[in-house]
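Sharing a structure with you now.
The values are calculated or read from the model by the stated rules, or taken from the named source; none is laboratory data. Note that this is a predicted model, so its numbers are computed, not measured. Here Cβ is always computed from backbone atoms with ideal geometry, including for glycine, and neighbour counts include all displayed protein chains. To get the accessible areas, we keep the full protein, side chains included, count just its heavy atoms, and leave off ligands, DNA and RNA. Shrake-Rupley method; radii C 1.70, N 1.55, O 1.52, S 1.80 Å.
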Amino acid sequence: MPFSTFGLEAEIMRAIEKAGYVRPTPVQAAAIPKVMQGHDLIAIAQTGTGKTAAFVLPMLQRLSVWQRQGQLRGIKALILAPTRELAVQIMDNIRAYGQHLPIRVAAIHGGVDEDAQIKALRKGVHILVATPGRLLDLLGRQKLDFQPLEMLVLDEADRMLDMGFLADIGAIVATLPRRRQTLMFSATLSKEVESLARRFLHQPKMVQIGKRSNPADTVVQCVYEVPTHLKNALLLELLRQPKFKKVLVFARMKDGADRITNFLKLAQVKVAKLHSSRSQDQRLQALQEFKDGKAQVLVATDIVARGIDIDGVSHVVNYDFPVNPEDYVHRIGRTGRAEAQGDAISFVPKQDLNLLDRLELCIGQRLERKRLRGFDYLAPPAAPAPGDKPPRRDWRKRTRDMEAQQAAPIRANGPRRPSPGRRPG
Ligand code: AMP
């Protein structure tokens, strides 16, 4: 199905062509006609499926009709997003898709000067993208008139709930006109998301792309069972391979992200980092360096990286294994976006094997276990003789072996020890 079947304005079609999109992605094909008809909508789609354009294109279509009818005055659409990075990214998308239309967009989010944002609003805005906290601050100062509003989008609704924005969203929605079109996008359909939809949506249509919670099909996934103290060395070995061009490394905590970044800097790897203790300028700069290819690696924590769209990420490395299967799906969704192939690699130390088991159960898939040359001692013990009862995971022995070898530097060009097949089991 080509984009032309939607009946979008010529100005929007020109922008789509310029973006190089040949045909709509499945979520776009399913959602765009419903939104153009004015229905409320719940869309459950994996990250990287083109969901931003799925709501932005029909939104621009509706706004351009109002503009032609002389009814484009005031804030017509509000988009709530969990993080500032995502808000800025959505705004950039709207600017790109709406570049031939006289539609003004602004973003309101923490981390930058509030007065500058108020100034931008005074110039007149038709689409407002906001994070819930900062928007509520401005509403408290009565700086916003939502009377003209016709459309509300809750993007990454599941994430906003995870981040504790439920009360803020409720307070914001209470200030909006009741007669409006509401769209909700979420990677997962949890009970909480369903109850949010019941509260704020009116007879919504439902679009569900792909199986629930399943990682994007375009991502090749594998696992290295590696003890914590060897993670840095393994990461460096991987990064030295030429195909690891644009690598997103996930850490569980901010201080972990700092430690990984410092280690990589010492190892002369070009690295940028993204976490919530960094200033807005620092975050945008880190993203830009990574996007431009000035940094080979971006080290990030979950909250900040969720929803961020960076083209051509070659590999996602879960340096710390995610506690929550949903976070795993989101993390690996940063690569293999929109039909490109990507690789997701997870480091799993002994203490996280239960998380791996849980994830595999949840996504209904066993992830490939891999070995790296020079890390051959990570291989499972040799197969037991018939009748032997093999230990399920002989971690104590394997960890002892690894610790014994750890003092020596790791070489990329071959095993330092006899191959595992020749070792006693
Ligand atoms: P999103 O899921 O909105 O973050 O989009 C993921 C990526 O898909 C972005 O880089 C978009 O530019 C890209 N994209 C969106 N729609 C299409 C399309 N119809 N064809 C090709 N790429 C697309």
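Only one of these conditions is not met by residue 35: (1) near the ligand (Cβ under 7 Å from one of its atoms); (2) open to solvent by less than 20 Å² (accessible area, probe 1.4 Å). Which number is it?
(1)
Let me ask something else. Only residues that are part of a loop (DSSP other than H, G, I, E, B), modelled with pLDDT of 80 or more and within 15 Å of the ligand (Cβ to nearest atom): list them for region 274-313, please.
Residue satisfying the conditions is 313 alone.
Of the numbered conditions (1) surrounded by 19 or more Cβ atoms within 10 Å (Cβ to Cβ); (2) more than 17 Å from the chain's Cα centre (by Cα), residue 156 fails exactly one; give the number of that condition.
If we test residue 156 against (1) surrounded by 19 or more Cβ atoms within 10 Å (Cβ to Cβ); (2) more than 17 Å from the chain's Cα centre (by Cα), just (2) comes out false.
Right, next: Among the residues of region 186-198, which ones are under 24 Å from residue 110 (Cβ atoms) and not in a helix (DSSP H, G or I)?
186, 187
Return yes or no: is residue 41 crowded, with 19+ Cβ neighbours inside 10 Å, within 13 Å of the ligand (Cβ to nearest atom) and closer than 19 Å to residue 187 by Cβ?
Values: crowded, with 19+ Cβ neighbours inside 10 Å: yes; within 13 Å of the ligand (Cβ to nearest atom): no; closer than 19 Å to residue 187 by Cβ: yes.
Taking the combined requirement at face value, the residue does not satisfy it.
Tell me yes or no: at least one residue of region 141-148 is assigned by TED's automatic domain parsing to the domain that holds residue 31 and part of a helix (DSSP H, G or I). Can you show your working first?
Initial filter on region 141-148 (assigned by TED's automatic domain parsing to the domain that holds residue 31): 141-148.
Retained after the next criterion (residues that are part of a helix (DSSP H, G or I)): none.
Within region 141-148, not a single residue is assigned by TED's automatic domain parsing to the domain that holds residue 31 and part of a helix (DSSP H, G or I).
What residue, of 263, 250, is open to solvent by 20 Å² or more (accessible area, probe 1.4 Å), among the aromatic types (Phe, Trp, Tyr) and not assigned by TED's automatic domain parsing to the domain that holds residue 50? Reasoning before the result, please.
Values: 250 fails: open to solvent by 20 Å² or more (accessible area, probe 1.4 Å).
The unique qualifying residue is 263.
If you don't mind, there's one more thing I want to ask. Among the residues of region 103-119, which ones are under 22 Å from residue 282 (Cα atoms) and out of contact with any helix residue (DSSP H, G or I) (no Cβ under 8 Å at 6 or more places or on another chain)?
113, 115, 116
So, in region 159-185, how many residues would count as being open to solvent by 20 Å² or more (accessible area, probe 1.4 Å), in a helix (DSSP H, G or I) and out of contact with any Gly (no Cβ under 9 Å at 6 or more places or on another chain)?
Of region 159-185, the ones open to solvent by 20 Å² or more (accessible area, probe 1.4 Å) are 161-168, 171, 174-175, 177-180.
Imposing the further condition that a residue be in a helix (DSSP H, G or I) reduces the set to 161-162, 166-168, 171.
Restricting the remaining residues to those that are out of contact with any Gly (no Cβ under 9 Å at 6 or more places or on another chain) gives 161-162, 166-167, 171.
Of the residues in that region, 5 qualify.
Mind checking which residues of region 47-74 are more than 8 Å from the ligand (Cβ to nearest atom) and touching a helix residue (DSSP H, G or I) at 6+ places or on another chain (Cβ under 8 Å)? It would help to see each step written out before you state the result.
As a first pass, look at region 47-74 and keep what is more than 8 Å from the ligand (Cβ to nearest atom): 55-74.
Across region 47-74, the qualifying residues are 55, 56, 57, 58, 59, 60, 61, 62, 64, 72.
On to the next question. Of all residues in region 314-343, which are at pLDDT 90 or above and away from the ligand (no atom under 16 Å from the Cβ)?
315, 317, 318, 319, 320, 321, 322
Can you list the helices (runs of 4 or more DSSP H) lying wholly within region 1-93 that have 2 or more residues being over 28 Å from residue 291 (Cα atoms) and either of a type in the set (Gly, Ala, Ser) or outside the structural domain of residue 286 (by TED's automatic domain parsing) (or both)?
On the way: elements: 10-19, 26-36, 51-68.
Ranges flagged: 26-36, 51-68.
Can you tell me how many residues within region 75-115 are buried (at least 23 other Cβ atoms within 10 Å of the Cβ), over 23 Å from the mean Cα position of the chain (by Cα) and within 16 Å of the ligand (Cβ to nearest atom)?
Final tally of qualifying residues: 1.
Also, quick follow-up: Find all pairs meeting these conditions: Cβ atoms under 7 angstrom apart; at least six residues apart or on different chains; first residue within region 106-130 and over 18 Å from residue 279 (Cα atoms) and modelled with pLDDT under 85; second residue open to solvent by less than 40 Å² (accessible area, probe 1.4 Å) and part of a strand (DSSP E or B).
Here the result reads 120/106, each pair linking region 106-130 to a residue that is open to solvent by less than 40 Å² (accessible area, probe 1.4 Å) and part of a strand (DSSP E or B).
I'm checking my understanding of the structure. Among residues of region 8-29 that are closer than 18 Å to residue 205 by Cβ and free of Cβ contacts under 8 Å to residues at least 40 places away in the same chain, which one is farthest from the ligand (Cβ to nearest atom)? Before you say what the answer is, go through the steps one by one.
Pass one, region 8-29, residues closer than 18 Å to residue 205 by Cβ: 24-29.
If we keep only those that are free of Cβ contacts under 8 Å to residues at least 40 places away in the same chain too, we end up with 24, 28-29.
Values: 24: 5, 28: 6, 29: 9 Å.
That would be 29.
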